Amino acid sequence: MHVLALVNQKGGCGKTTTAVNLAAALSAAGERVLLVDLDPQAHATLALGCAIEDEPTLVDVLRERVTVREAVQTAPGGVWLLPSTAELAEFEEESARLIAPERALWRALSVTRLDWDFAVLDCPPRVDGVLAANALRAADTAVLVVESGTFALQGALKALGVLEAKAATMDRPLALRAVGTMFDRRLKIARELLVGMHAQFGEILFDAVIRTSVRLREAAAAGVPVNVLDPAARAADDFRALAVEVRAHAGSPERERTGDWVLPPARRSKGATAARPAARARAPRHST
Amino acid sequence: MDPLALLCNLHAEGPATLRVLHRAGIRTLANVLATADWALAELLGSSPSAARRFAREAEHLARSARAGRLEPEEGADAFRCA
């Protein structure tokens, strides 16, 4: 399993939108994808139309009360979701009483590494809390999400510096990549910013840039990824292109969609509003 | 980010244009500059003038890359008006 953490200390830069739709695009490409909602605002959970009542969530996993397998739900777009609620914020306070709280997610995911090909972590809008520390500790790649707006480049460079400093202190390699979001090529400021990002980030910047699209807002409102709402939308094309690059980055092999395979604990979320695609049409890569 | 991807994001339909160019064997800004306007127009499904503009932007990006810096987008049109 390759773990991607989508990070930026800035809110509203498209982290959740990118996490949800990248996860769905990877799934559409034949990968088994787990989306982990690490934000107490639970926007990724909401964006996939999942209503949490008394089901176990990520905070229960971090508290080691349940396993990842027991807490995941199936969600629109062929994605498995480890959902979140506002209760997740309490973990920040509890962490002061725990030993190595920043390793809780890594420990939980390490026993399920063969169940998924990718885990996409949607991080909260801060990089200094214990939740972000959990994400970075569990991640193989940190993807900095950079919106194409005013001051975004300065903020992104600062965030990249923080990530590089964290990566240097870790006992395992953490690759750093960046992706541009909310790009509107009609705007001069957006074009200039993209040119600036290209100059500053160079090869770590993915070729695919996520353009602004009303379909992304509509998809979030409908509780489905954009490739489910409108596969022909340009936003869906952007995420397909990003998924191709992410798979290449992770060294993911080309796979054929043959056979039926469903993760054993998959549970349909109560609030999901869209039909799940046909059964996962691919044999498991690993046998246990 | 590859310079050709940057060009496609800035002045065309992003990944869709990049795929078309790659399929035609165009993988660098130099390849774009070496392609005839009419052929580029056919590939992009655009008018010859739009294809010429695309090639002109490719030239600007290539020149900026050679100079070790990337200029902002303004300039070309303003220069022509002056």
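Can you name every one of the strands (runs of 3 or more DSSP E) wholly within region A:1-92 that holds 3 or more residues which are among the hydrophobic types (A, V, I, L, M, F, W, C) and surrounded by 23 or more Cβ atoms within 10 Å (Cβ to Cβ)?
Correct list: A:2-7, A:33-37, A:79-82.
Looking at region A:3-24, which of its residues are β-branched (Val, Ile, Thr) and under 17 Å from residue A:225 (Cα atoms)?
A:16, A:17, A:18, A:20
Go through (1) within 20 Å of residue A:39 (Cβ to Cβ); (2) touching a Phe, Trp or Tyr at 6+ places or on another chain (Cβ under 9 Å); (3) of a type in the set (A, V, I, L, M, F, W, C) and name the single condition residue A:160 misses.
The single condition residue A:160 does not satisfy is (1).
Given the residues B:27, B:52, which is the only one that is closer than 26 Å to residue A:176 by Cα and either within 14 Å of chain A (Cβ to nearest Cβ) or in contact with a Leu (Cβ under 9 Å, 6 or more places away or on another chain) (or both)?
After ruling out the rest, the residue left standing is B:27.
Report whether or not residue A:220 is outside any loop (DSSP other than H, G, I, E, B) and within 12 Å of chain B (Cβ to nearest Cβ).
Criteria not met by residue A:220.
Can you find, within region B:5-24, the residue that is nearest to residue A:192 (Cα to Cα) among those that are within 8 Å of chain A (Cβ to nearest Cβ) and of a type in the set (A, V, I, L, M)?
My answer is B:10.
Considering only residues of region A:223-248 that are part of a helix (DSSP H, G or I) and touching a Ser or Thr at 6+ places or on another chain (Cβ under 7 Å), which is nearest to residue A:15 (Cα to Cα)?
Within region A:223-248, the match that is nearest to residue A:15 (Cα to Cα) is A:235.
Residues that are under 14 Å from the mean Cα position of the chain (by Cα) and more than 14 Å from every other protein chain (Cβ to nearest Cβ): find the strands (runs of 3 or more DSSP E) completely inside region A:96-184 holding 1 or more of those.
A:118-122, A:141-147
No value in this document is a laboratory result; all are computed from the given coordinates. All values reported here derive from a predicted model rather than from experimental measurement. Cβ coordinates were reconstructed from backbone atoms using ideal geometry, including for glycine residues, and neighbour counts include every protein chain displayed.
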